[in-house]
Each structure stands twice: as C-alpha cells, then as structure tokens.
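Chemist: For reference, the structure I am asking about is given below.
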Amino acid sequence: MNTPVAEDIRPFNHTGFYQYLAERRLMAARCATCGEINLPPRALCPRCFGTNMEWIELSGEGQLEGFTLIHVGLPAMAAEGYNRQNPYCSGVVRLAEGPAVAAQIVGEDGAIPTTIEVGMPLRVVFFEIGKAENRSIALVFKP
Amino acid sequence: MPRHKLGRGVAVAGAGMSRFGLFPGQSGRDLFVEAFNAMRQSVDRGLDPRQIDAIYVGNFNSELFENQGQLAPILADWTGLLPRPATRVEDACASGGVALRQGILAIASGAYDIVLVGGVEKMSGLSIERVTDVLSTAADVLYETPAGFTFPGFYAAIATAYMTRYQATTEMLMDVTIKNHQNGAYNEKAQFQMTIRQVMEKAREQAAAKGLPAPGWKNEYDFLSDPRANPPIAAPLCLYDCSPISDGAAAVLLVAENLAKAFSSVPLYVIGSGQASDGAFYSRPDLVSLRSARAAAWEAYEMAGVGPRDIKMAEVHDCFTIAEIIASEDLGFFEPGTGVKAAQDGMTARDGRVPLNTSGGLKAKGHPVGASGVGQVVEVWKQMRAEAGGRQVSRDVNLALTHNVGGTGQTSAVHIFERR
C-alpha cells in the first residue's frame, strides 16, 4: 500500500508536523472546540481538554524573544560543520498567531545573522540539512 | 489555612555529601556510599542503618552516563540496606529536590518513620560533547533539540531576554561567578576551592611557566572579559557562567518529627515543601522568569507560613549565572529586574541581606545533577547548625530555603527549613 496520507488524517503530533515541514508548510493544530492554536500540534487540547483538532497553516512571521550563539553545540550540529570558531544561532520565535517555537536563526547564506537583537522581526525559511539520504527540512528563521 | 499541608511533621536529622569533582575510577555507587557515611557521621545521637525504612534517590541519567539502569536497589545494596524499598526519582537536575519531597511525603503520610534521601550523578565518564548530548535529553527532543539548543544555550537565551528587558550587561553576571567562587574557596567538599582571583593568578603563573607573555589582567572582571581565559560556550554565556561537569553524591536522613530529638540535638524541621511543573522552554509566555519556581515557592511559603523576607539564607539553582539572578527574583527576594543589581551590591554575599549559595553553589561546589538538590540541604544543615566554618553566615540562620530546578524549569522544587 502506498496511498498518500490524506491531509485531514495526518496525525496531530510530530509526525504530522514534520511531514508538513518537509512540504515547506508551517502547520499547527487548532482546537475545534475552543479555538486554541496548538503548536506543536497535539491530539488533546490542554486548554479545554477537547480532542477535535484541525490543521491550520501559519504565516511564518514572528518576533525574536531570546537567542544564543552556540559555540559548544550538539553532535548533530557539529556534523553540519559548526564548532567553537563557527557557532550557530538558536532562538525562540514568537509567531504572529501567538505560539512560540524554538528554531535556528540564520542570516544570508546560512551564516549567523550580522545583526541580531531581541524583538527583531523574523520570517520562516525552510532549510535543507543533513547529508544524502538523511537530508531533511529544518524549521529555520531569518531576519 | 494553607491549601497543602503535611499530614505530620518531618525533620532532617542528618546530612552529608561526598566531595564533588571529577573522580575517575569511582562509580556512582561509590560516591553514594561516601555521602551515606558522611550523613551517618552527622547524626548527633547515632544512626543504626537498620532503622531506615525506605530510600528515595534522585538521579538524572545513570543509564546514559554509566550505562546502568535500576540504580536505586544497587544503592540500597551498597549501603547495606537490603531489602528496604528503594525508589529512584528522575526530574532532570531537580531529581534530588523531588526525591527529598518524596521522602518528606512518605513520612508525612505515616507510611514510614525514617527515610534516607539521596542524590547521585557520575557524569565524567563521557566526553564533554557526549555530556552535552545527554543533558539535552532533558529538553523537548522533538521540538528543541532539532533547533540546536544546548542547556547553556537555553539559559543564554534567557540572558538575552533579561538583558534586553532590564538593560543589564554580561559584566553584571560576573558578580555571581566571583561571589560563588569566593564561597566555594571555603568549602572542603567543593569542586573548585579557588576564588576567581586565585584562578587568574594561577593562569598567569602557567603562562609564565610556558614562557608566554604575562597576560595583563588588571582584576577579576578583566580576566573574565578575556575570551582566551573565559571562552564563549553559548554566547552571551561563557565558561565561567556555567556550572561544571561533576561527579558526586549527597544524603539526608529524614525522620518523623516526634523522633527528631532521638537522633539529633539540633534537628531541622521541614516547614514548607513545594513543587511545580511547566512546559518546554519555547512554550512559556515569558522567558525571564520560571513559572514553576514561582509556583513551588508560593506553595512552600504558604505551607510554612513565612515570606521571602523571613529567609536568612538560601541555596538556589545556579546552573548558570543568569539562573541565580532569576531565582533571586522568582523566590521573591528581589523585585523582577532588580536581582542583577542586588547581586552587584553584595546583597547576596555572605554578609548581605539574603546570602545565596554560601556553599559555592552549583557553579563552584559542582553540579552532579541528580545530587544537587540534596547537596543544597547539606549546606543548609551546616549553616543552620553553625558548622560551616570559614563560610559561616555571621547572623543566626534559623530559617533557610532550597530551590532546585530541572531542565529550564519544567520542574522546580522549593523547601523551607526551620531550626527551633
């Protein structure tokens, strides 16, 4: 069986979230009962305990709440070529729709941004990472 | 009436710890035995270990650090306590504080009279990169780890948010490092028993011994501003903003209040206990305060019937310098945004209004993560009984607090102790 997953039955979890991300879409789960936008998507709404979710696409516009230039990084980031001399930037981005996400922040050509400050506007870019068959799309923001 | 209260009173009748540091050739269980023996020696009227009813032990990740699961019964065995029930508690870096709370609740429930609470972590068997990776499993691995966040990175993001909102600078954080190393210099169990000035002079001597030009540091701030001496780990946080990788263990003896004087001539009474949970770092409405710490503190204060102004000293979770600043605000010692100024003005020093981390804190004493929350009680035990030697707080400490945080505040545990 190789039936494509119908949009309305994608699971409201990381599998559904990252499936959409691979298609360069930033999607959240909206609770059909109370309207809460749940990002990451969840099957149970923590606000009203409702279990009736629907996918919505987010604008990808946001604002930087906090950030860091990581010099001693995770092994997966070291594999991408980052190190003490070549740090990467991670941050928390508050999206226009309300929820916030953790994401890598890049400037031009994937380098760290030349200027970065709390409160600056950012927009989503979908960034290819990994080598060969492990290639995937990461959630990344840029000014 | 407080919403939560203990079913019966609980007292601390003994507390001790292993040395914290890097101990190749010693396993977690060895360190736990060292802590157990130190605890036993602290029991004024003696403890026959066979009197212990149960064991609760905080440990974050013996599976990944030591490839050892089901640690609790091993610790019971190595301390001669078989077949007592032994339970391992895991809430990342708050494992020790939560194990303490479980021990308290077990006695308060009436199920047990005498409980051993421990904490242990053996971290140094892995490389720094692997330790960073293991610690990052306390984050949300589905949505935070893919963004590259490390634990220094999370707290660095808190620092940028804090500094922007309150016009603070990284130099202001240096006062936390300098103070905690000054305290650690007086703690014979600490990983770093050196002031930052001593660290600086040693680095100068080492440069001279290698025939290198003498570094021109004028003072500690100058030294800490030099990226060769204090390299960035997750900017704006540098090496000396971060607690170290450590091995160590701590142990506390809890007894029902009516038994306290049978074991100890100066027991400490647990008058407040609070614990709270929060979502992942990105999910919070505000980055510059830990909601779980505020909720846990509120619960503990309410149970104890005391407020922040009553607390004579506190051991707080300074896994990073900025963490001590926001802890001092979350616990109500200082208003939001004023913690950094309070630290600069010496209000958290040993002779200040509310001494914080007289042990050296996680920064200088060391941070074997599962042991840290229990190690905090060891310092409170010493300070409240006037046994802290060169780092003894000058005024009488009859009321003290411990604040233990897991992850970036997914868990917080706060306890308040009274000496009557």
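Chemist: Can you work out which of the residues in the stretch B:1-35 that are modelled with pLDDT of 95 or more and basic (Lys, Arg) is farthest from B:Gly184 (Cα to Cα)?
Modeler: B:Arg8
Chemist: Name every residue in the stretch B:210-265 that is surrounded by 13 or more Cβ atoms within 10 Å (Cβ to Cβ), of a type in the set (Ser, Thr, Tyr) and in contact (Cβ under 8 Å) with a residue 60 or more places away in the chain, in order of residue number.
Modeler: Hits for the stretch B:210-265 are B:Tyr240, B:Ser243, B:Ser246, B:Ser264.
Chemist: Related question: Considering only residues that are buried (at least 19 other Cβ atoms within 10 Å of the Cβ) and among the polar types (S, T, N, Q), which ones fall in the stretch A:100-114?
Modeler: A:Gln104, the sole residue that qualifies.
Chemist: With the condition being open to solvent by less than 20 Å² (accessible area, probe 1.4 Å), I'd like the strands (runs of 3 or more DSSP E) fully within the stretch A:1-99 carrying at least 3 qualifying residues.
Modeler: Numbers: elements: A:27-31, A:53-57, A:61-70, A:88-95.
The strands (runs of 3 or more DSSP E) meeting that bar are A:27-31, A:61-70, A:88-95.
Chemist: Shifting gears a bit: Tell me, which strands (runs of 3 or more DSSP E) lie completely within the stretch B:52-144 with 2 or more residues that are in contact (Cβ under 8 Å) with a residue 40 or more places away in the chain and within 29 Å of B:Leu259 (Cβ to Cβ)?
Modeler: B:54-58, B:114-122
Chemist: Let me ask something additional. Consider only pairs whose beta carbons are under 8 Å apart and that are at least six residues apart or on different chains; among these, list those whose first residue lies in the stretch A:96-107 and is closer than 18 Å to B:Ser136 by Cβ and assigned by TED's automatic domain parsing to the domain that holds A:Leu69 and whose second residue is part of a loop (DSSP other than H, G, I, E, B) and open to solvent by less than 10 Å² (accessible area, probe 1.4 Å).
Modeler: That search, which allows pairs on different chains as well, returns A:Ala102/B:Glu144; A:Ala102/B:Phe149; A:Gln104/B:Gly148.
Chemist: Could you please find all residues in the stretch B:273-289 being farther than 20 Å from B:Ile55 by Cβ, buried (at least 24 other Cβ atoms within 10 Å of the Cβ) and touching a Leu at 6+ places or on another chain (Cβ under 8 Å)?
Modeler: Residue satisfying the conditions is B:Phe281 alone.
The values are calculated or read from the model by the stated rules, or taken from the named source; none is laboratory data. Treat the numbers as computed from the prediction; the structure is a model and nothing was measured. Because the Cβ atoms are built from the backbone with ideal geometry, glycine has one as well, and the counts that use them run over all protein chains shown. Quick note on the areas: whole protein, heavy atoms, side chains included, nothing else; ligands and nucleic acids left out. Shrake-Rupley method; radii C 1.70, N 1.55, O 1.52, S 1.80 Å.
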